[in-house]
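A.B. asks: This is the structure, below, for whatever I ask next.
The values are calculated or read from the model by the stated rules, or taken from the named source; none is laboratory data. Bear in mind the structure is a predicted one, so any value in this text is a computation, not a measurement. As a convention, Cβ positions derive from the backbone with ideal geometry for all residues, glycine included, and neighbour counts pool all protein chains shown.
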Amino acid sequence: MRKIIWTVASAFILSGAANALETDVAPKVTDIQNHQPSTALYVGNSYSFYNCGVHGYVRGFAKESKTPWKARLQTISSGKLSFHNLQEYLTPHEGDPYVKESKDGKTPPMFDVVLLQALSTEPINPKLAPNFKKYLKQHIETIREHGSTPIVVMTWARQDKPEQTRHLANATIEAANASDAIVLPVGLAFAESLKKRPDLILHQKDKSHPTAAGSYLYGAMIYGLLFKKSPEGFKFLGECEKPLKPADAKYLQQVAWNVLKEFYGWKD
């Protein structure tokens, strides 16, 4: 009897371990304070501007939910975090539509949230990692000085190197934790989706950049974190003449919300 009980218990534990997200580091920050943001700045590179930009996917979810929303995309091809001048991006310019009217002599921040997406392997490349940590910390400080909330995007593993998932996750979370910043675990969502549905291709033929399905998952993750609402049930299938099949969109919506809940420890 003892042997049977041990076997069942062991199977349960192993099953739980197999279904766990691919990271060894817990996020220090598990939520943002403002779940009614109306503006965002996306800072990144081709991972964020592929398929007409991840901002278009978030806009699609926001439009369907009738949520006031607008965002600016600042991306540089092959851009590392060091390529971006956050001080310049967050400083009001004459005629800038993102400049808000001052209240009581105080100028509100141009953007409620700023998402930082580094070069895909920056956090784990031995030559690039030191600069990644340096500029992530610097950019987070700059964002906060301008009154915005920083969100660190965890990128995904190459299609032919799935083992990168855990390394990218651990390195990104550790760097964000050092600055008390929240991480958006997109890379973990890619891994979870591919475990259950490897037929739903998330990478382009270069095995790196996202397909429309990959960008859709990325956008669903952003929407879920920003508004702390499930993207499940939306009819929006994507833009840029690359709409997904309804069944695929439904699946990716579920993956996004499940990963967000598990990663942050949110309850339904």
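A.B. asks: Assuming Tyr218 fulfils every condition listed in (1) more than 13 Å from the chain's Cα centre (by Cα); (2) closer than 22 Å to Ala26 by Cα; (3) surrounded by 23 or more Cβ atoms within 10 Å (Cβ to Cβ) apart from one, which condition is it?
C.D. replies: Every listed condition holds for Tyr218 apart from (1).
A.B. asks: Could you check the stretch 180-232 and list, in sequence order, the residues that are without any contact (Cβ under 8 Å) to a residue 60 or more places away in the chain, under 15 Å from Lys250 (Cβ atoms), among the small types (Gly, Ala, Ser) and assigned to a helix (DSSP H, G or I)?
C.D. replies: Selection gives Ala213, Gly224.
Condition check ((1) loosely packed, with under 15 Cβ neighbours inside 10 Å; (2) at positive phi; (3) among the aromatic types (Phe, Trp, Tyr); (4) in contact with a Pro (Cβ under 9 Å, 6 or more places away or on another chain)) across all residues:
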| site | (1), (2), (3), (4) |
| --- | --- |
| His167 | no, no, no, yes |
| Ala189 | no, no, no, no |
| His203 | no, no, no, yes |
| Ala212 | no, no, no, yes |
| Leu237 | no, no, no, yes |
| Pro246 | yes, no, no, no |
| Lys250 | no, no, no, no |
| Asn258 | no, no, no, no |
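A.B. asks: Before we move on, is Ala176 within 23 Å of Tyr223 (Cα to Cα), touching a residue at least 12 places away in the same chain (Cβ under 8 Å) and not aromatic (Phe, Trp, Tyr)? Spell out the reasoning first.
C.D. replies: Details: within 23 Å of Tyr223 (Cα to Cα): yes; touching a residue at least 12 places away in the same chain (Cβ under 8 Å): yes; not aromatic (Phe, Trp, Tyr): yes.
Answer is yes for this residue.
A.B. asks: Pairs under 8 Å by beta carbon, first residue under 13 Å from Val114 (Cβ atoms) and part of a loop (DSSP other than H, G, I, E, B) in the stretch 85-100, partner of a type in the set (Lys, Arg) and modelled with pLDDT of 95 or more, six or more apart or different chains?
C.D. replies: Tyr98/Lys70; Tyr98/Arg72
A.B. asks: Please enumerate the residues belonging to the stretch 75-109 that are farther than 16 Å from Gln138 by Cβ, touching a Phe, Trp or Tyr at 6+ places or on another chain (Cβ under 6 Å) and crowded, with 17+ Cβ neighbours inside 10 Å.
C.D. replies: Of all residues in the stretch 75-109, those farther than 16 Å from Gln138 by Cβ come to 75-78, 92-109.
In the following step, the residues that additionally are touching a Phe, Trp or Tyr at 6+ places or on another chain (Cβ under 6 Å) were identified as 75-76.
Passing the criteria: only Thr75.
A.B. asks: Which residue, of Lys235, Lys261, Lys250, Lys242, is more than 17 Å from the chain's Cα centre (by Cα) and assigned to a helix (DSSP H, G or I)?
C.D. replies: On the way: Lys235 fails: assigned to a helix (DSSP H, G or I); Lys261 fails: more than 17 Å from the chain's Cα centre (by Cα); Lys242 fails: assigned to a helix (DSSP H, G or I).
On inspection, the qualifying residue turns out to be Lys250.
A.B. asks: Output the qualifying pairs, or none if there are none: Cβ atoms under 9 angstrom, residues six or more apart or on different chains, first residue in the stretch 116-144 and closer than 20 Å to Thr39 by Cβ, second residue surrounded by fewer than 17 Cβ atoms within 10 Å (Cβ to Cβ).
C.D. replies: Listed by first residue and then by second, the contacts come to Ile140/Asp180; Thr142/Gln87.
A.B. asks: Next question, about the same structure. Go through the stretch 58-84 and report how many residues are outside any loop (DSSP other than H, G, I, E, B), closer than 29 Å to Glu122 by Cβ and of a type outside the set (A, V, I, L, M, F, W, C).
C.D. replies: 7
A.B. asks: Which residue out of Ser65, Ser77, Ser82, Ser38 is of a type outside the set (Phe, Trp, Tyr), in contact with a Ser or Thr (Cβ under 6 Å, 6 or more places away or on another chain) and touching a residue at least 24 places away in the same chain (Cβ under 8 Å)?
C.D. replies: Working: Ser65 fails: in contact with a Ser or Thr (Cβ under 6 Å, 6 or more places away or on another chain); Ser82 fails: in contact with a Ser or Thr (Cβ under 6 Å, 6 or more places away or on another chain); Ser38 fails: in contact with a Ser or Thr (Cβ under 6 Å, 6 or more places away or on another chain).
Being of a type outside the set (Phe, Trp, Tyr), in contact with a Ser or Thr (Cβ under 6 Å, 6 or more places away or on another chain) and touching a residue at least 24 places away in the same chain (Cβ under 8 Å) holds for just one of Ser65, Ser77, Ser82, Ser38, which is Ser77.
A.B. asks: OK, next. Determine which member of the set Lys267, Lys242, Lys228 is surrounded by fewer than 18 Cβ atoms within 10 Å (Cβ to Cβ) and at pLDDT 95 or above. Break it down into steps so the answer makes sense when it comes.
C.D. replies: Working: Lys267 fails: at pLDDT 95 or above; Lys242 fails: at pLDDT 95 or above.
The conditions single out Lys228.
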